[in-house]
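The values are calculated or read from the model by the stated rules, or taken from the named source; none is laboratory data. Source: prediction; values computed, not measured. Virtual Cβ from ideal backbone geometry, glycine too; neighbours counted across all protein chains shown.
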């Protein structure tokens with residue numbers, strides 16, 4: 001029996017020393033010291049010994065168990081240290097490496113263009129005024145000299161909530177609301193989102209942004225309008241920019257004009273960007289119609305004024321030479337990072 005115990009001990013030591021990891025070491029522990037292990041099986045055979053032999057045999061089994069357990073603990077400590085060193089080696093942190101940079105957002109091209117336009121007009125003494133996007137039909141049309149039977153009120157052109165409420169098609173209603181307050185003189189621009197029933201393509205969208213301006217005071221003339229817009233265009237597009245006014249018609253202004261600027265890409269010589277004309281249209285303008293002034297409670301015999309309006313997206317497309325309006329709304333980071 002002693003020889004068998006010695007053999008179990010020697011085999012246990014060999015297996016312990018051969019264990020490459022903690023899992024294998026635990027298997028050795030179970031195989032030797034577990035409930036069904038070899039040493040436990042030998043201990044159960046004590047019943048076959050004479051009573052006087054049992055104490056010495058029990059002591060021998062306990063000594064061998066203690067030796068094996070000591071070997072197991074030593075092997076476990078060595079394997080744990082080895083695994084720790086390996087993990088430290090694999091998970092090493094190089095503090096000299098640069099940190100991962102945060103992807104910080106920045107202003108949208110529309111926002112950049114809007115802030116530039118606002119900066120120019122605020123420098124001229126204008127204030128920025130905003131108004132509701134869901135507007136009464138009266139302010140969106142009738143107060144702007146657009147009667148009930150006007151083609152602009154067709155449901156194919158305008159989003160109607162009901163007969164009296166629309167999604168505004170322009171920011172001009174903000175001007176009317178400001179005029180109704182009666183606080184004269186007025187020098188304001190009204191930026192904001194507007195809505196029209198347009199198909200989406202490279203130059204149209206059912207939702208876009210406008211910037212409209214209004215000046216009401218005594219002795220305002222078309223010359224004031226022309227000088228203001230020339231100063232604005234040269235500040236926005238460069239000092240070499242020339243401005244051309246073409247006669248046009250808008251219901252809420254009389255006389256009215258479209259404003260072109262020399263192509264800033266070719267300097268007016270003609271190129272693909274300006275379709276060979278040398279000019280690019282940027283906005284519409286005119287002197288406020290006397291009927292519009294009267295409907296807002298302003299005496300057209302005492303006061304006069306001018307108004308103008310431009311598409312914010314158009315300004316952004318021209319300023320940054322973007323050829324498709326849809327790029328502004330697709331949120332493609334490859335495009336937006338360029339600004």
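In this entry, residue 181 is excluded by the filter for residues that are farther than 18 Å from residue 139 by Cβ and either surrounded by fewer than 13 Cβ atoms within 10 Å (Cβ to Cβ) or without any contact (Cβ under 8 Å) to a residue 60 or more places away in the chain (or both). Hey, any hits in segment 117-126 for a residue that's surrounded by 14 or more Cβ atoms within 10 Å (Cβ to Cβ), out of contact with any strand residue (DSSP E or B) (no Cβ under 9 Å at 6 or more places or on another chain) and at pLDDT 95 or above? Yes, segment 117-126 contains a residue that is surrounded by 14 or more Cβ atoms within 10 Å (Cβ to Cβ), out of contact with any strand residue (DSSP E or B) (no Cβ under 9 Å at 6 or more places or on another chain) and at pLDDT 95 or above. Looking only at segment 194-236, how many residues end up being more than 30 Å from residue 151 (Cα to Cα) and either under 29 Å from the mean Cα position of the chain (by Cα) or touching a residue at least 12 places away in the same chain (Cβ under 8 Å) (or both)? Residues meeting the conditions: 12. When segment 66-86 is filtered for residues that are more than 15 Å from residue 15 (Cα to Cα) and either more than 60 Å from the chain's Cα centre (by Cα) or outside the structural domain of residue 10 (by TED's automatic domain parsing) (or both), only 66 remains. Of all residue pairs spaced 6 or more apart or on separate chains, none has beta-carbon atoms under 7 Å together with a first member in segment 299-313 that is outside the structural domain of residue 185 (by TED's automatic domain parsing) and more than 20 Å from residue 208 (Cα to Cα) and a second member that is modelled with pLDDT of 95 or more and surrounded by fewer than 20 Cβ atoms within 10 Å (Cβ to Cβ). Screening 247, 147 for residues that are in contact with a strand residue (DSSP E or B) (Cβ under 7 Å, 6 or more places away or on another chain) and more than 21 Å from residue 115 (Cβ to Cβ) leaves exactly one candidate, 247.
Are any of the residues in segment 278-285 more than 21 Å from residue 117 (Cβ to Cβ) and out of contact with any strand residue (DSSP E or B) (no Cβ under 9 Å at 6 or more places or on another chain)? Checked segment 278-285: no residue is more than 21 Å from residue 117 (Cβ to Cβ) and out of contact with any strand residue (DSSP E or B) (no Cβ under 9 Å at 6 or more places or on another chain). Tell me the residue from 212, 230 that is in a strand (DSSP E or B) and buried (at least 16 other Cβ atoms within 10 Å of the Cβ), please. One residue alone meets the criteria, 212. With respect to the stated conditions, residue 122 is assigned by TED's automatic domain parsing to the domain that holds residue 236 and out of contact with any helix residue (DSSP H, G or I) (no Cβ under 8 Å at 6 or more places or on another chain).
Cβ-Cβ distances below 6 Å connect the following pairs, each with a first residue in segment 103-118 that is in the same structural domain as residue 325 (by TED's automatic domain parsing), a second residue that is outside any helix (DSSP H, G or I) and crowded, with 16+ Cβ neighbours inside 10 Å, and a separation of six or more residues or different chains: 114/191; 117/211. Set side by side, the residues 191, 173 differ, and just one is closer than 21 Å to residue 292 by Cβ, touching a residue at least 12 places away in the same chain (Cβ under 8 Å), part of a helix (DSSP H, G or I) and assigned by TED's automatic domain parsing to the domain that holds residue 330, which is 173. Exactly one residue out of 272, 337 is surrounded by fewer than 13 Cβ atoms within 10 Å (Cβ to Cβ), over 30 Å from residue 218 (Cβ atoms) and more than 32 Å from the chain's Cα centre (by Cα), and it is 272. Within segment 64-113, being under 30 Å from residue 320 (Cβ atoms) and assigned to a helix (DSSP H, G or I) holds for 109, 110, 111, 112, 113.
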